[in-house]
Amino acid sequence: RAALGRSWSAWAPAAAATAAVVKCRLSVSQVKLRRRRSRRALRALRATEEAAAGENRYKSLEVFLEAQRESRPLTDPLGGPLTPYNDSPADWMLIAIFRQVMSGVAKWQSPLAFWGPEAYDGMLEVAHAQQWGRTLQQTEDSAMSVIDNLLPEEGKARFRSALKADKFGTELNALITAVFFPFMVGKCQVEERKHEDLEQIPEGEAWKCAVKIEKCRWLERSGCVGMCAGLCKRPMQRMFGEVLGMPLSMEPNMEDLSCTMVFGKKPVEWDKDDLREQPCFSTCATARSQGSCPKLT
């Protein structure tokens, strides 16, 4: 017993210290657990608040779109005739793919049919949701999210390595655009550019690196300058230039609703772009009576 007593006396301080460490670790674990629970509760609260804000925002959007459906425009934004379109099943399929990805980003879906004459209008309604209540930069970022979801990282890497801003790369991009994207922008054709247009083109040569969109379907049907800039021009230039390494200049003409895409050409900086001062079309339901389109800010 005496030996055991002496042994316990020797080990007692160490046992007490061990117990204190265990107790301390348990206390730290409890604190960490409480913090994790608090963070989870905070995230849940924020998600609830964001969902409520989104629901309220989209309520006003749905009121706006319902009014749009009841009084569809009979003319284009300039007062001219609307371009008739007879989309094929392949066109409807492409429209549905874009619309579904856009809806995932916007967190809202149009009730219009995916198939048939309402398909394109349904995609435009989702596009309205992408920019509804957002700044121009936020709208552009949402469009970039759509592009990221459509283009896998491996595809982007292969594009960057295979296609440069040379004759082959720029001409191939122009050809692909003219062949595969009329469903989105309407009739278009490839055009030539010379050294006077692009300095990298050798003198005496002509590259078929530009695409002329005769009357942009996106702009004509939306009637919105902001949707042109925030969901098409700016994100496309950014995607090709910054992500794919292929400079692209998109040059919409608001006087005839045409647009020119020039591959291999660096776009004008936004603060020097004339489009940022473009006023609303008079046919736009959210038009500002004076000054530039409010969605350009």
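Every number in this text was worked out from the coordinates using simple rules, so none of it is lab data. Quick caveat, the model's predicted, so the values are computed rather than measured. Heads up, the Cβs are rebuilt from the backbone with ideal geometry, glycines too, and the neighbour counts pull from every protein chain shown.
Observations on the model:
- Links that overshoot a 31 Å alpha carbon limit, given the list LYS187/LYS295; LYS215/LYS295; LYS107/LYS164; LYS107/LYS266; LYS156/LYS194; LYS208/LYS295: LYS107/LYS164; LYS107/LYS266; LYS208/LYS295
- The stretch 208-297: GluC sites (Glu not before Pro) in DSSP coil with no more than 13 other Cβ atoms inside 10 Å: GLU255, GLU269
- Here the 3J(HN,Hα) profile of the stretch 210-227, calculated from phi with Karplus coefficients 6.51, -1.76 and 1.60 at θ = phi - 60°, is 10, 10, 9, 8, 5, 8, 4, 4, 4, 6, 4, 7, 7, x, 10, 5, x, 6 Hz, Gly and Pro shown as x.
- For ASP76, the residues 5 or more places off, or on other chains, whose built amide H falls under 5 Å of its own are LEU82.
- Residues whose amide H lies under 5 Å from that of LYS164, counting only those 5 or more places away or on a different chain, are GLY169; hydrogens are built 1.01 Å from N in the peptide plane.
- Residue by residue, the stretch 138-145 carries 3J(HN,Hα) couplings of 5, 5, 4, 4, 5, 5, 5, 5 Hz when phi is fed to the Karplus relation 6.51 cos²θ - 1.76 cosθ + 1.60 (θ = phi - 60°); x denotes Gly or Pro.
- Taking a ≥ b ≥ c as the square roots of the Cα gyration tensor eigenvalues, the stretch 199-291 comes out prolate, since a/c reaches at least 1.5 and a/b is larger than b/c.
- Local net charge near LEU248, Cβ-Cβ under 12 Å (Lys/Arg +1, Asp/Glu -1): +3
- Two-site label geometry, GLN68 and TYR85: point separation in nm, points 7 Å out along Cα→Cβ: 1.3 nm
- Mean separation of Cα contacts under 8 Å (6+ apart) over length of the stretch 143-297, as relative contact order %: 22 percent
- Under Karplus coefficients 6.51, -1.76 and 1.60, residue-wise ³J(HN,Hα) of the stretch 73-87 in Hz, glycine/proline x: x, 9, 10, 7, x, 9, x, x, x, 6, 6, x, 10, 10, 5
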